[in-house]
Structures are given as structure tokens and as C-alpha cells.
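Shown next, in C-alpha cells, is the structure this report addresses.
The values are calculated or read from the model by the stated rules, or taken from the named source; none is laboratory data. Remember, predicted model here, so these are calculated numbers, not experimental data. Note that we place each Cβ from the backbone using ideal geometry, even for glycine, and neighbour counts take in every protein chain shown.
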Amino acid sequence: MVIQFQQVFKKYQGAAALTDISFTIASHELFVLVGPSGSGKTTLLKMINRLNTPTSGQILIDDLDVMAVPDVREFRRGIGYVLQAGALFPNMTVAENASIQLAAQNVAQGKRDARVRELLNAVGLASDKFMNRMPNELSGGEAQRVGIVRALAAEPNIVLMDEPFSALDPLSRRQLQDLVVKLHQQFNTTIIFVTHDMDEALRLADRLAVINDGKLQQVGTPDEILATPANQFVAEFFANAGSQSQYVKSVLAAGFGHPVTGSALVSLPETAMLSDWAALLQQSPTAMVGIGDVQLAPADLIAYLAQAREVQ
């Protein structure tokens, strides 16, 4: 489903929160809204399912103005929503939490259980162990996986994710980022993901929109934004978000690699992290990586890391 923001403004008590926001999210895209805390990302996200409304402008989903939908409750049932920290109901089991939307749609209990079992297994939670657990028996990462199951249970065309991993430890966060990418590929759902972490944005996004002080700074793929930041804010925000030496592009910038000479290459984007490359080599130790017209060998990664250590 195509989502369009057209000249969206938002004011709170006369103060501008969003100013003239226009961009389009393609159907089946994993689109990331990124920017500093308080920049307006969550306000934009909530406008998609009418938890917030524009002062002026339009938000269209497949050319339908969301402000014109006749039944807001029914409209929201078609949109999954993943909040921070899972936001599970403490008095309900995992299965009951995960099937709330299905119960609201009067789906038979057997079908609800089958769908929840399928999705729990898909997110790495063994259904026979987790169906009847209570939220206080889950780790933070497990609770967020249940939150993702709940968002996907009713097979929505759109899933909204509002900084869902910000409270998690780095390992859990990384695992859930990988899970989001995998689920996006598996279910082909349009996902809009909010984060203030540029490394997370680069890792997840098909495309991303950079927001600052309620204004749209740039929209593009990770490669486009890293290569040609639209202004000083974007350039500095990316530079300060994390060490650029963690990305495959830094290996190319250091002069490693050779022109492509063979066809048996594994494709990686420049914005892949070195850990992604290392994980690939763990599975296929001799794999050659292709980035555009350059190929990289496992020895290039070793040499680059050794060089980086010497610099330190």
C-alpha cells in the first residue's frame, strides 16, 4: 500500500511541530523515519493510523485520505503497531496478548491459536513453551517478539514500529533488527520504523527520511544519504551516529578490493556492517563479496581490521 504525506503541518498550541512534510512510502517498503528525539518522527508515524491528526495537509493510503475513513476502529485493525517495550497486558498470557486483534475480529479460537503458534515460531519463540507464559516471565527481547507477533497476527498491510528496540541491550537489539529484516522479506508487509539511532536506520531501511525540528531534511536510500547528504545537519548526524569504520564502505574507501573478475559473488551493499560480512564468512569462509564493480576477498576484511588496529 502506497502512503503519501502531502504538505503536512502540525501545530500544538500555536507552536509548529511539523512543517510542510511531503514524501511517499512505496508499497512493501521497509521505510525508516530517523532523527533526534523530539524531531516529529512519532507524530508522523501516528498520523498514519489517526492516533494523531494534521493541522493541515493530507495523509493518503492508496489515494484514500485517512481523515475520510468512515470507521476509524476498523481502519486501525488493518494496521499493526509495535510500541516500545512490548506494552503487553500483564494479566493476559502470551497467546491472549498476541491474538487481541484476531479476537476483536471474532476469529475462531482454533484459528487464533494456530496463527499465534505460527508467528511465535517465526520470531524464534517455541510456541509450546511460550503460548501460556505471562509477560512477567519474559525477558525484554522476548516481550518485544510477542509485540511483533501481535502486530502481524491479523495479516496487516502496514506495520508501524515506534522505537521498538530502544530499551534493549545491544545483543537483543541486533537480533531483533535481523528479525525485522527477515519478517519483512517473509511477509512482504509495508513497515514504517521510527528510530533516533542512525546505525539502526542504515541497517534496516530500504529508504529513510531524516527529520529534524519538524522539518524533512532528506529522503533516500542509505547509500544515497551516506554518499550525498543534503545538508550539514544530515552529514553531521550520520557522522556522529556511529563509527563509519564499521561499514563495508570503509573497506572500499581504504583502497581494498579489486575489479570484478568472476560471477560467483555474494552481493552486499556499501552500508552493510563489517559484522554482516563476518557472519557471511562464518557460513561460507571463502565467499567473495561483490559491491558494484568491486569484489572483496576474506583477506581484505582481515587486512582492513589489522590496519584499523594499528591506527588505534
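Some values worked out for this structure:
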{"item": "Subset of the stretch 159-210 that is among the charged types (D, E, K, R) and part of a helix (DSSP H, G or I) - its residue that is farthest from residue 247 (Cα to Cα)", "result": "182"}
{"item": "Selection within the stretch 196-219 - touching a Lys or Arg at 6+ places or on another chain (Cβ under 8 Å) and at negative phi", "result": "196, 200, 211, 219"}
{"item": "Qualifying residue in the stretch 18-29 (condition: among the hydrophobic types (A, V, I, L, M, F, W, C), within 20 Å of residue 233 (Cβ to Cβ) and under 14 Å from the mean Cα position of the chain (by Cα))", "result": "no"}
{"item": "Pair list, Cβ under 8 Å, 6 or more apart: the stretch 164-177 residue basic (Lys, Arg), other residue crowded, with 16+ Cβ neighbours inside 10 Å", "result": "173/165; 173/200"}
{"item": "Tally, over the stretch 181-201, of residues that are over 15 Å from residue 45 (Cβ atoms) and either outside the structural domain of residue 119 (by TED's automatic domain parsing) or among the hydrophobic types (A, V, I, L, M, F, W, C) (or both)", "result": "4"}
{"item": "Test: residue 191 is closer than 21 Å to residue 88 by Cα, at pLDDT 90 or above and in contact with a His (Cβ under 8 Å, 6 or more places away or on another chain)", "result": "yes"}
{"item": "Among (1) in a helix (DSSP H, G or I); (2) more than 20 Å from residue 80 (Cβ to Cβ); (3) not basic (Lys, Arg) - the single one residue 229 does not satisfy", "result": "(1)"}
{"item": "Contacts under 9 angstrom Cβ, first residue in the stretch 268-285 being over 22 Å from residue 253 (Cβ atoms), partner part of a helix (DSSP H, G or I), 6 or more apart", "result": "285/298"}
{"item": "Single unsatisfied condition, residue 66 versus (1) within 25 Å of residue 140 (Cβ to Cβ); (2) buried (at least 16 other Cβ atoms within 10 Å of the Cβ)", "result": "(1)"}
{"item": "Answer from 60, 51 - the residue that is among the aliphatic types (A, V, I, L, M), in a loop (DSSP other than H, G, I, E, B) and either more than 18 Å from residue 220 (Cα to Cα) or not assigned by TED's automatic domain parsing to the domain that holds residue 218 (or both)", "result": "51"}
